[in-house]
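Asker: Dumping the structure here so I can ask a few things about it.
The values are calculated or read from the model by the stated rules, or taken from the named source; none is laboratory data. Source: prediction; values computed, not measured. When we count neighbours, we look across all protein chains shown, and the Cβ atoms used for this are built from the backbone with ideal geometry, even at glycine. Surface areas here come from the heavy atoms of the whole protein model, side chains and all, with no ligands, DNA or RNA. Shrake-Rupley method; radii C 1.70, N 1.55, O 1.52, S 1.80 Å.
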Amino acid sequence: MDIKLYNIVAIVNDGYSDVVMDIAKDCGARGGTIIPANGSVTADAMKLYGIGIHPEKEIVLILVKEDIVQIILDKLYDKAGNGSDAQGIFFTLPVTHASDNLLMQYAPKENN
């Protein structure tokens, strides 16, 4: 099975994971995993970016097929990025190996 999957990682302020998941699902993602987290940053970084840093974060992991990665990222940047209250940071990681039961979820459906 040759399916290209990517893990979209979204790090947002606490309470904004639902915004991320709604955007991703509207673009075709099936779901994701939300992990509570705490951020840390130096005072120099706060001055550099000119924003207050909220230590309470949520990390959202969303596994998607390659064809919708950029669509999701564009909408995340627009709706939950640095200019929003979510102050999101987003990046992707290629999935090079996955269990068969996971890959089966993304395989094309056969017509019977």
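Asker: Criterion first (part of a helix (DSSP H, G or I), modelled with pLDDT of 95 or more and surrounded by fewer than 18 Cβ atoms within 10 Å (Cβ to Cβ)) does ASP22 satisfy it?
Answerer: yes
Asker: Of all residues in region 85-99, how many are free of Cβ contacts under 8 Å to residues at least 24 places away in the same chain, more than 21 Å from GLN70 (Cβ to Cβ) and either touching a Cys at 6+ places or on another chain (Cβ under 9 Å) or open to solvent by 90 Å² or more (accessible area, probe 1.4 Å) (or both)?
Answerer: Residues flagged as free of Cβ contacts under 8 Å to residues at least 24 places away in the same chain, more than 21 Å from GLN70 (Cβ to Cβ) and either touching a Cys at 6+ places or on another chain (Cβ under 9 Å) or open to solvent by 90 Å² or more (accessible area, probe 1.4 Å) (or both) within region 85-99 amount to 1.
Asker: Next question. Can you name the residue in region 51-84 that is assigned to a helix (DSSP H, G or I), of a type outside the set (A, V, I, L, M, F, W, C) and within 14 Å of ILE23 (Cβ to Cβ) and, of all such residues, is most open to solvent (accessible area, probe 1.4 Å)?
Answerer: Applying the filter and picking the extreme gives LYS79.
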